[in-house]
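Let me begin by presenting the structure, written as structure tokens, before commenting on it.
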Amino acid sequence: MALELTIHEVTERKPKPDYSHLAFGKNFTDHMFVMDYHAEKGWHDPRIEPYAPLTLDPSALVFHYGQSVFEGLKAYKSNNDILLFRPEKNFQRLNVSNKRLSIPEIDVDFMVHALKELVHIDQDWIPTKKGQSLYIRPFIIATEPVINVKPAEEYKLMIIMSPVGSYYSTSDQMSPVKIYVEDEYVRSVKGGVGFTKTSGNYAASLSAQMKAEELGYDQVLWLDGFEKKYVEEVGSMNIFFKINGEVVTPALNGSILAGITRDSVIELLKHWDVPVSERRISIEEVFEAAENGQLEEVFGTGTAAVISPVGTLKWKDKEITVNENETGKLSLDLANTIAGIQTNEEKDPFGWRVKVDVEK
Ligand SMILES: *Cc1c(COP(=O)(O)O)cnc(C)c1O
């Protein structure tokens, strides 16, 4: 059965927030996308409707056993164009998460189509200053009202959207972050759910994040769950090290998230003929490189910040400063190029940009 999108528009638009002081994820647009799943009907009744609270039975499975997956991407406005960045990758990755969490898979092409319609309807909510965008949050929750441990037979897929400002408060100046290497808690182990975007990964990371903040650091760098020896990722970003001219990032090993920004950075580095390798890298190797003067740059990658330079790394009783706490040249080039591709200011040799033009 082909999915057919219906649209119920609001009768009155909400006032827009002050775009010069946008708090992350606090204001939501006029509309949302909703689609239901029932074991007998499959995914059905996809619709765009006014943004509103949900009513769910207190026994809905998501509240008890955590079948919940999500995605995060952004829409940009550039002159008269509305642009998305590799949106099919997000829905493909949602299916990777779905599979691991026993949630029924979705039709990627249909979801890209539905997302374009949603962004089109709420296009006035896309802020246009440098660094600003419309953050898009697709998610799926298990809604079946039964507190029996089993894959739910009913789900809701929703997309909500929120205008967001530049990740860095000082507009276009990227400021390096201070990272605490966590060696007590672990984020995930191979065979677990670390490669999925599921809510529980975030719930489990909060205490380490709070600990890092109390100690004066911005984010946590996770080590592997077996030996606490190999680097995994940072908070909700993947991590890259430039050591003696070569860029190294942990290989996708089953416990880290396959970031779309990570993939884009690797592609771009290859395109620029910068040596890049995906392999295991121990935290000891990183600290040794720093001591030998070979650790040139460290940066995190993710949709929210695109590139986040790391200025300080603290592991056990050692602390190192990277590139004199300045943003490195490669970090800056990557940030500018990816942001440029996202907003139409740079050539897009990879075909990553997707225009939102809905058929009328
Ligand atoms: C979402 C996420 C990332 C970054 O992925 P992008 O697709 O680049 O935004 C990295 N690590 C974790 C744990 C994440 O949830």
(request) Counting only heavy atoms of the protein chains, get the accessible area per residue of region 260-360 (1.4 Å probe) and round it to a whole Å² value. (result) 49 Å²
(request) Name the shape class, rounded, prolate or oblate, that the alpha-carbon gyration tensor gives for region 183-234, where a ≥ b ≥ c are the square roots of its eigenvalues, rounded holds for a/c under 1.5, and otherwise prolate holds if a/b is larger than b/c and oblate otherwise. (result) oblate
(request) Under 13 Å from the Cβ of LEU56, count the other residues' Cβ atoms, weight Lys and Arg +1, Asp and Glu -1, and hand me the total. (result) -3
(message) Probe of 1.4 angstrom, ligands and nucleic acids ignored: what's the accessible area per residue over region 6-165, in square angstrom?
(response) 45 Å²
(request) Starting from the Cα-Cα distance between ASP263 and GLU9, subtract it from 0.36 nm times their residue separation and give me the gain in nm to one decimal. (result) 87.8 nm
(request) Show me 325-331, 12-18 ranked by packing, highest mean number of other Cβ atoms within 10 Å first. (result) 325-331, 12-18
(request) Calculate the dipole size of region 22-83 relative to its Cα centre from +1 charges on Lys and Arg beta carbons and -1 charges on Asp and Glu beta carbons; express the result in debye to the nearest 20. (result) 280 debye
(message) Between GLU227 and THR321, how high is the FRET efficiency from 1/(1 + (r/R0)^6) when r is the Cβ-Cβ distance and R₀ = 25 Å? Nearest 0.05.
(response) 0.45
(request) Quick one: grab Rg to one decimal and Dmax as a whole number for the chain, Cα atoms only, in Å. (result) 20.9, 64
(message) Is there a quick way to get the dipole size of region 177-342? I mean about its Cα centre, with the Cβ of Lys and Arg at +1 and of Asp and Glu at -1; what is the value in debye to the nearest 20?
(response) 480 debye
(request) Over the residues of region 6-165, compute the C-alpha Rg and express it relative to 2.2 N^0.38 Å. (result) 1.07
(request) Evaluate the distance, in nm, between pseudo-label points positioned 7 Å from the Cα of LYS16 and of LYS270 along their respective Cα→Cβ axes. (result) 3.9 nm
(message) Among DSSP bridges having both ends in the chain, what percentage is antiparallel? Round to the nearest 5.
(response) 80 percent
(message) Which one, GLU232, GLU319, GLU154, has the greatest fluctuation when you compute a Gaussian network model over the chain with C-alpha springs under 10 angstrom?
(response) GLU319
(request) Run the dipole for the chain about the Cα centre, Lys and Arg Cβ at +1, Asp and Glu Cβ at -1, nothing else charged, and hand back the magnitude in debye, nearest 20. (result) 140 debye
(request) Compare SER264, SER199, SER205 by solvent-accessible area with a 1.4 Å probe and give them largest first, with all protein chains kept in place. (result) SER199, SER205, SER264
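The values are calculated or read from the model by the stated rules, or taken from the named source; none is laboratory data. Computed from a predicted model, the values in this text were never measured in an experiment. Positions of Cβ are generated from backbone atoms using ideal geometry, with glycine treated the same way; all protein chains shown enter the neighbour counts. Heavy atoms of the whole protein, side chains included, go into the accessibility calculation; ligands, DNA and RNA do not. Shrake-Rupley method; radii C 1.70, N 1.55, O 1.52, S 1.80 Å.
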